[in-house]
Amino acid sequence: MLVKTYTAAVNGLDVNTVTVEVSMSRGVQFHLTGLADTAVKESYDRIKAALINNGFKMPTMDITVNLAPADIKKEGSGYDLPLAVGILSANGKVEGERLSQYMLVGELGLDGQLQPVRGALPIAIRARKEKFKGLIVPQQNIREAAVVNQLEVYGMESLMDVIRFLNGDDSYQPTIIDTRREFYEQQLHFDCDFSDVKGQESVKRALEVAAAGGHNLIMIGPPGSGKSMLAKRLPSILPPLSLAESLETTQIHSVAGKLSRDTSLISQRPFRSPHHTISQVALVGGGNNPQPGEISLAHNGVLFLDEMPELSRSVLEVLRQPLEDRKISISRAKYSVEYPCSFMLVASMNPCPCGYYGDPTHHCVCTPGQIQRYMNKISGPLLDRIDIHCEIQAVPFKQLSEMQPGEPSAAIRERVIAARKIQEERFKPFKGIHCNAMMTERMLHEFAEPDAESLDMLRMAMERLKLSARAYSRILKVARTIADLAGSEIVQAVHIAEAIGYRNLNLDRGDWAERGI
């Protein structure tokens, strides 16, 4: 007897429908075909134990299972449930009427309980696209899968629950989540707020400009000056996620298995802060079973690299292409996947190995050679891709002891949102361009062309600071953002001057250790 059940294979963010074909004939062997990995092949033992512990017997027949299409690699334990249901149906224990209407996914425990799987959200999107009536997932995955409307999503605790449902038990009801209500309710609840920050007005302004235009930023200053504290508060002033951005971000976290059980949609922009011992694969993604890296988990959010020079130089260099392309293509001998990675890079670093070069309250013990070697850990091409360079000094005691709170994040966020709305209108005719940081060279000439006075100022800065052509473009992009914050239609000299100030730390030139402070 031939029975078909349906599930899905997740490869990166691409999902393919998989037909599980189960055929039984006289014999005693089990055959599994269809390019299955070790986890899928081990399903036979889990299914056998689950059936025995739930009062069934593994059929003593020749069982042939094919996972079609056979040329797509099948990975993971999510095929346990459709395989078990297919075997039971071929043996007459499960009615076949509903099998063609529902997609199944889930890992089986030896007691028949369903365990969570990765990628439930993109699988649910695929099920709706393929016109399935519904999707059956483990109970732990129900909230992420149920955000997809026009699809009945059932969260099941065990194999017996699935069997009863497929045999016609109508006591089970699909889970319905008011996605929009939950999404908008959770958007503006932040644990960190800029009102907690005392002083550092110039750095706050730099962060506001970075948030308004989606610009990359690096902060350089001594230990304890507040670099990490400020970076952690950046998401609180970024524009709220749209539903489309939230869905895309949630899919990435679902595929990576990073969603908690009570999460439906990610409602706040991600903030990822990997340790400086991170490897290249962990940062950009990949591995034996390809998974999204930190740059993709930070998609539509912030990637914060604390103590940037402490990261391996080879790790830092792999950031260069994703910062330009806003996507990462991972190609290996056995697979090729692509993940989006449109993120804001925020980095922090000390000015020297001891951390106190240029600090008026501490004496630096580093030689110029040590400082130069420390700074050279970050290459010029990578620094070129960071739009805003800002110096941060320790806050004096007088400002620290003030009881009056600083400007709250909500007030800064309003200005940022207003600037982003201007950019949205400006870039409506251009697909894939959402903020000033994404502008092409042609757009710079159209939207950020400096006047004669600004051009002279820019020329002097380029010659004096020995900046590259890429730095020239970055200055114009930042100046366009500053003009948007000011509500100005044209880029004026005052906007150019402030933008040049954000490139005035000599980081591009490589003579940091010889500057005068």
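For the pair residue 26 and residue 460, what calculated FRET efficiency results from E = 1/(1 + (r/R0)^6), where r is the Cβ-Cβ distance and R0 = 60 Å, to the nearest 0.05?
The formula returns an efficiency of 0.10 here.
Just to confirm the number: angle between the C-alpha axis of helix 452-465 and the first principal axis of the chain, 0 to 90 degrees, nearest 10? So the inclination is approximately 90 degrees.
Counting pairs of alpha carbon atoms under 8 Å apart in space and at least six apart in sequence, what relative contact order in percent does the chain give? Computed over the chain, the figure is 13 percent.
Modelled this way, with points 7 Å down the Cα-to-C-beta line, the labels at residue 229 and residue 202 are 1.8 nm from one another. Rolling a 1.4 Å probe over the protein heavy atoms gives the range 178-328 an accessible area of 38 Å² per residue. The label-point distance for residue 1 and residue 180, in a model that sets each label 7 Å from Cα toward Cβ, rounds to 4.6 nm. Computed from Cα atoms, the angle from the helix 43-52 axis to the main principal axis of the chain rounds to 50 degrees. Only helical runs count toward this figure. For the chain, summing -39,500 (n - 2.57) over DSSP H runs of n ≥ 4 and dividing by all residues gives -10000 deg cm²/dmol at 222 nm.
The packing ranking, built from the mean of other Cβ atoms within 10 Å per residue, places the peptides 82-92, 182-192 in the order 82-92, 182-192, highest first. Could you compute the net charge surrounding residue 433? Neighbours are other residues with a C-beta less than 13 Å from the C-beta of residue 433; K and R count +1, D and E count -1. Taking every other residue near residue 433 into account, the sum is +4. List the aspartates and glutamates whose Cα sits under 12 Å from the Cα of residue 421, skipping any in the same chain fewer than 8 residues away. Correct list for residue 421: 484. Think of each Lys and Arg Cβ as +1 and each Asp and Glu Cβ as -1; about the Cα centre, that makes the dipole of the chain roughly 680 debye. Phi-derived couplings, Karplus 6.51 cos²θ - 1.76 cosθ + 1.60 at θ = phi - 60°, listed residue by residue for the range 7-17: 8, 8, 10, 9, 10, x, 9, 8, 10, 10, 5 Hz, with x used for Gly and Pro. Stokes-Einstein diffusion for the chain, with the hydrodynamic radius set to the Kirkwood value over Cα pairs and evaluated at 4 °C in a medium of 1.567 mPa s, equals 50 µm²/s. Positive contributions from Lys and Arg (+1) and negative ones from Asp and Glu (-1), summed over other residues with Cβ under 13 Å from the Cβ of residue 349, come out at -2.
For the chain, the longest principal axis of the Cα atoms and the long axis of helix 80-90 meet at an angle of about 20 degrees.
Distance between the 7 Å Cα→Cβ label points at residue 262 and residue 95: 3.8 nm.
As a calculated quantity, the FRET efficiency between residue 488 and residue 325 at R0 = 35 Å, using C-beta atoms, amounts to about 0.70.
Is the range 305-418 rounded, prolate or oblate when judged by the Cα gyration tensor, a ≥ b ≥ c being the square roots of its eigenvalues, rounded requiring a/c under 1.5 and prolate requiring a/b larger than b/c? Walk me through the numbers on the way to the answer.
Values: a/c = 3.17, a/b = 1.30, b/c = 2.43.
Because a/c hits 1.5 or more and a/b fails to exceed b/c, the range 305-418 counts as oblate.
If I compute solvent accessible area with a 1.4 Å probe over the protein chains, what percent of it on the chain is carbon and sulfur? Answer for the chain is 49 percent, counting heavy atoms of protein chains only.
As an exercise, use a Förster radius of 25 Å and the Cβ-Cβ distance of residue 38 and residue 281 to find the FRET efficiency, rounded to the nearest 0.05. It would help to have the intermediate numbers written out before the result.
Working: r = 20 Å, r/R0 = 0.80.
The formula returns an efficiency of 0.80 here.
Between residue 70 and residue 333, full extension at 0.36 nm per residue minus the direct alpha carbon distance yields a gain of 92.8 nm. Each Lys or Arg adds one and each Asp or Glu subtracts one; over the other residues with Cβ under 10 Å from the Cβ of residue 57, this totals +2.
The values are calculated or read from the model by the stated rules, or taken from the named source; none is laboratory data. Since the structure is predicted, the reported quantities are computational estimates derived from the model, not experimental observations. Counting neighbours? That spans all protein chains shown, and the Cβs are built from the backbone with ideal geometry, glycine included. For the accessible areas, the whole protein counts, side chains as well, though only heavy atoms, and no ligand, DNA or RNA atoms are used. Shrake-Rupley method; radii C 1.70, N 1.55, O 1.52, S 1.80 Å.
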